[in-house]
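A short write-up of the structure that comes next.
The values are calculated or read from the model by the stated rules, or taken from the named source; none is laboratory data. Bear in mind that the values here come from a model prediction, so they are computed numbers and not experimental data. Using ideal geometry, Cβ is built from the backbone for each residue, glycine included, and neighbour counts are taken over all protein chains shown.
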Amino acid sequence: MAAEFAQLEKDYGREGVARIRLLVEYAQAKQTLKQAEQWKKLIQQLLETGKITSGEAEDLMAEYEDEWDHALAFIRERNGGPKHSIREFVEAFYGAKRVD
């Protein structure tokens, strides 16, 4: 991965790579939250059908809670203001010009 970012830096410059990394992080955070919703639904179904106890459900949720909280905090931070809007990052990514 480091070699790929080194090539991107060569092609797009340091600022372009920083923006690309933020887009990657944002996409990963969004995917984590999507998985969290699916996981929560599955746990709820298992709980409702009696296949797990409420204590087991809490334990399962606790295993991933920190990861979900981190992803949510990252997304909220990026969506929080005009300096960090996702639109800005997307425009910067698609508007990135090769450094020749």
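Quick notes
- Once the range 64-96 is narrowed to residues that are part of a helix (DSSP H, G or I) and loosely packed, with under 10 Cβ neighbours inside 10 Å, the residue that is modelled with the lowest pLDDT is P82.
- Considering the range 23-52, and only residues there that are among the charged types (D, E, K, R) and either within 12 Å of A71 (Cβ to Cβ) or loosely packed, with under 15 Cβ neighbours inside 10 Å (or both), the residue that is modelled with the highest pLDDT turns out to be K51.
- Any hit, the range 13-29, residues being over 25 Å from R76 (Cα atoms) and either part of a loop (DSSP other than H, G, I, E, B) or not charged (D, E, K, R) (or both): yes
- In the range 19-64, the qualifying residues are those that are of a type in the set (G, A, S) and within 30 Å of L8 (Cβ to Cβ), and the one that is nearest to the chain's Cα centre (by Cα) is A29.
- Those residues of the range 2-22 which are crowded, with 16+ Cβ neighbours inside 10 Å and either of a type in the set (G, A, S) or touching a residue at least 24 places away in the same chain (Cβ under 8 Å) (or both), in sequence order: Y12, G16, R19, I20, L22
- Residue pairs whose Cβ atoms lie under 9 Å apart, sitting 6 or more positions apart in sequence or on different chains, and linking a residue in the range 23-44 that is touching a residue at least 24 places away in the same chain (Cβ under 8 Å) and basic (K, R) to a partner that is surrounded by fewer than 15 Cβ atoms within 10 Å (Cβ to Cβ) and outside any helix (DSSP H, G or I), do not occur here.
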